[in-house]
Amino acid sequence: MKNKKICSFFVSEFHLLTTILPYINEKILENKKIELVLQKDMTIKVKEYLNKVKSLNIKSESILKLDWGKKKIDKILKKDNQIILVIGDKEFIDEIDSIINLDKVEEIIDCYRLDKNEELDKILDKYEKILSTEGIKSLIKNSQNTQERKTIQTQI
């Protein structure tokens, strides 16, 4: 399978978990290997979220078996053919992405915390897909001509 680099954005841990848990659950059901690289420990937040939100159709026990604590990246880099979720701010994600060998990864999802006024355009330029609460969607990169055609078509 061709490597995929996907991005996601969140403003709070609750927002992040609402976005990624259905995706993680789907991949667990497909027997995929999931690894998390977190800037900060989220173990307590995940347990709280799963206790409060009952409407999600996910396997909570499988989700809780994942290591939601901070961990050393070198353990993850020794494994092949896995899905890695990198969760943190832009600087953290840039640092982790610089040491991950994309040839050994099935998919990498960079989940950016939006604490400050980030330049989203520059981040989005590095990706072709985005993970949101609706699932993975392709990003449409419009040239100025494409945008002008769409604008004109909507006015006709």
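The values are calculated or read from the model by the stated rules, or taken from the named source; none is laboratory data. Just so it is clear, the structure is predicted and the values come from calculations on it, not from any experiment. Positions of Cβ are backbone-derived with ideal geometry, glycine not excepted, and every protein chain shown enters the neighbour counts. In case anyone asks, the SASA skips ligands and DNA or RNA and just uses the protein heavy atoms, side chains included. Shrake-Rupley method; radii C 1.70, N 1.55, O 1.52, S 1.80 Å.
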With the dipole of region 1-107 defined by +1 on each Lys or Arg Cβ and -1 on each Asp or Glu Cβ, the option from LEU36, VAL105, SER62 whose Cα lies farthest towards the positive pole is SER62
From the cross-link list LYS33/LYS65; LYS45/LYS70; LYS4/LYS40; LYS32/LYS59, the entries with a Cα-Cα span beyond 20 Å are LYS4/LYS40
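Considering only DSSP beta bridges with both partners in region 6-145, what is the antiparallel share in %, to the nearest 5? Walk me through the numbers on the way to the answer.
Details: 4 of 23 bridges.
Percent antiparallel among DSSP bridges in region 6-145 is about 15.
Of the trypsin sites (Lys or Arg not before Pro) in region 1-64, which ones lie in a loop per DSSP and count no more than 15 other C-beta atoms within 10 Å?
Of the trypsin sites (Lys or Arg not before Pro), the ones in loops of region 1-64 whose Cβ has at most 15 other Cβ atoms within 10 Å are LYS2, LYS32, LYS33, LYS40, LYS54, LYS59.
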Those trypsin sites (Lys or Arg not before Pro) from region 76-138 that are DSSP loop and have at most 13 other Cβ neighbours within 10 Å turn out to be LYS78, LYS79, LYS116, LYS126
SASA check, SER138, accessible area w/ 1.4 Å probe, all protein chains in place, rounded to nearest 10 Å², comes out at 80
Quick tally, 1.4 Å probe accessible area for THR133, THR43, sorted with the most first, runs THR133, THR43
